[in-house]
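Okay, structure first, notes after.
The values are calculated or read from the model by the stated rules, or taken from the named source; none is laboratory data. All values derive from a computational prediction rather than experimental measurement. Virtual Cβ from ideal backbone geometry, glycine too; neighbours counted across all protein chains shown.
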Amino acid sequence: MMPSPLMIRAALMLLTCPFWASALVKASDLAGTAAKVAALGLPLPLPTAFATIALQGGASLCLILGFRPVWAAASLILFTLAASFLAHPFWALPPAAFLPNFAAFTANLGLVGGLLLAARIPRIQERS
């Protein structure tokens, strides 16, 4: 039995909460976001900050609304994996920084798992 459309929307809102909430926080402090991008060694900090905000917010909204959900989930998956390896390299950090970065990295893997399931919702709905 397939969950109701309302339950699916609510679950997608909760699943994407880390992304759209992060986009709002980043947008509220664009200079700080650009500084964090620069600290990661990424090029063009301000355009990269804008792109990050657009991707996190836009893909979240698309997934919630059911617009191109597979593409939205795939973009969030790729973003999450890239961000995890760039921002949480627990394997290369001193012992004091290991645990919080390991926890963030593995939590992000959990998000990836949820996004993989979210990408399958349209196919599951077709079958029911």
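A compact table of results
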read-out: Filter result for residue 82 (under 17 Å from residue 112 (Cβ atoms), of a type in the set (A, V, I, L, M) and exposed (fewer than 12 other Cβ atoms within 10 Å of the Cβ)); value: yes
read-out: Selected residue (criterion: surrounded by the most Cβ atoms within 10 Å (Cβ to Cβ)) from residues of segment 1-35 that are more than 15 Å from the chain's Cα centre (by Cα) and β-branched (Val, Ile, Thr); value: 33
read-out: Cross-chain or 6+ apart pairs with Cβ under 6 Å, segment 1-26 first and farther than 20 Å from residue 67 by Cβ, then hydrophobic (A, V, I, L, M, F, W, C); value: 26/53
read-out: Of all residues making up segment 36-73, the number that are under 10 Å from the mean Cα position of the chain (by Cα) and surrounded by fewer than 19 Cβ atoms within 10 Å (Cβ to Cβ); value: 1
read-out: Top-ranked residue of segment 80-98 - restricted to ones that are more than 17 Å from the chain's Cα centre (by Cα) and among the aromatic types (Phe, Trp, Tyr), ranked as nearest to residue 49 (Cα to Cα); value: 90
read-out: Residue 106 being part of a helix (DSSP H, G or I), farther than 30 Å from residue 3 by Cα, without any contact (Cβ under 8 Å) to a residue 40 or more places away in the chain and of a type in the set (S, T, N, Q); value: no
read-out: Close pairs from segment 47-75: first on the phi > 0 side of the Ramachandran plot, partner modelled with pLDDT of 95 or more and part of a helix (DSSP H, G or I), Cβ under 7 Å, at least 6 apart; value: 68/62
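Residues checked against (1) modelled with pLDDT of 95 or more; (2) more than 25 Å from residue 9 (Cα to Cα):
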site: 80; (1), (2): yes, no
site: 86; (1), (2): yes, yes
site: 90; (1), (2): yes, yes
site: 110; (1), (2): yes, no
site: 125; (1), (2): no, no
